[in-house]
Amino acid sequence: MKKKVAKFSVLPVVGASIFFYSFSTKKAQDFTDAVLEEFKTVNEEMIFEVPAAPDVAMIDPEVHAYPELGKSYLAFKEAVGFKESGGDYKIINEFGYMGKYQFGRGTLKLIGIRDTNLFLNSPDLQEEAFYANASRNKWVLRKDIAQFQDKVVNGIQITESGILAAAHLAGPGNVKKFLRSNGTNSFNDGFGTSIKHYFKKFAGYDTSSIVPDKAAKVNNPSVI
């Protein structure tokens, strides 16, 4: 009988253990679920959205145009200025060419500028100088623009803006020689930059706003 009693007396203990274990496991699971829920709640409160980066148009190196300026006159002069000096108004190169557009003293005198210190310290004056010089070159090259624009010379598509950029680099006389020799009479500056490169690089800009003027000068009487 003792064995039987002992045998039966184990059952309640086992049952109680199972119940206690189940109850404890349930409490542990409930506790775990509660902690996870709290963690989620806290993290949801901490979540914030990072603003998306603004869409920025990329410069296409093949087009050579500033994204927001397109192929306007403003884009044209900024592209030339960047090529000439990186846009630095105060730079003077080893050959004595000055400012954003790298003007020589002779060209500055032609458009009415003799005070080079004032020129170097006045961005507005340099912008005026660029337009005046382009206006003068456009007058000098007016016949060549009419004759060669949209034609191909020695494999190069000729445009008005390309002609004006090449004249800025080499002077209108060298542009005439290049065009009238069918591209055989070329020109390189002191750094080896060719006139052909400027015809290509600055082709297709809208320079119609530049008015041809034989006597174009800056509008600042203090430097004339």
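Remarks
- Residue within the range 113-128 that is closer than 18 Å to residue 201 by Cα, buried (at least 21 other Cβ atoms within 10 Å of the Cβ) and assigned by TED's automatic domain parsing to the domain that holds residue 217 present: no
- Scanning the range 72-79 turns up no residue that is closer than 24 Å to residue 178 by Cβ, more than 24 Å from the chain's Cα centre (by Cα) and in contact (Cβ under 8 Å) with a residue 24 or more places away in the chain.
- Helices (runs of 4 or more DSSP H) contained in the range 97-159 and holding at least 1 residues free of Cβ contacts under 8 Å to residues at least 60 places away in the same chain and under 22 Å from residue 208 (Cα atoms): 123-140, 142-148
- Residues of the range 188-201 that are out of contact with any Leu (no Cβ under 8 Å at 6 or more places or on another chain), crowded, with 16+ Cβ neighbours inside 10 Å and either over 16 Å from residue 168 (Cβ atoms) or of a type in the set (A, V, I, L, M, F, W, C) (or both): 199 alone.
- Restricting attention to the range 185-203, the residues that are of a type in the set (Gly, Ala, Ser) and touching a strand residue (DSSP E or B) at 6+ places or on another chain (Cβ under 8 Å) add up to 3.
- Members of the range 67-114 found to be closer than 19 Å to residue 161 by Cβ and touching a Pro at 6+ places or on another chain (Cβ under 8 Å), listed by number: 100
- Some residue of the range 152-165 being in the same structural domain as residue 79 (by TED's automatic domain parsing) and closer than 26 Å to residue 90 by Cβ: yes
- Any hit, the range 131-140, residues being buried (at least 19 other Cβ atoms within 10 Å of the Cβ), closer than 28 Å to residue 90 by Cα and of a type in the set (A, V, I, L, M, F, W, C): yes
The values are calculated or read from the model by the stated rules, or taken from the named source; none is laboratory data. What you see is a predicted model, and the numbers here were worked out from it, not measured in a lab. Quick reminder, even Gly has a Cβ in these numbers, built from the backbone with ideal geometry, and neighbours come from all protein chains shown.
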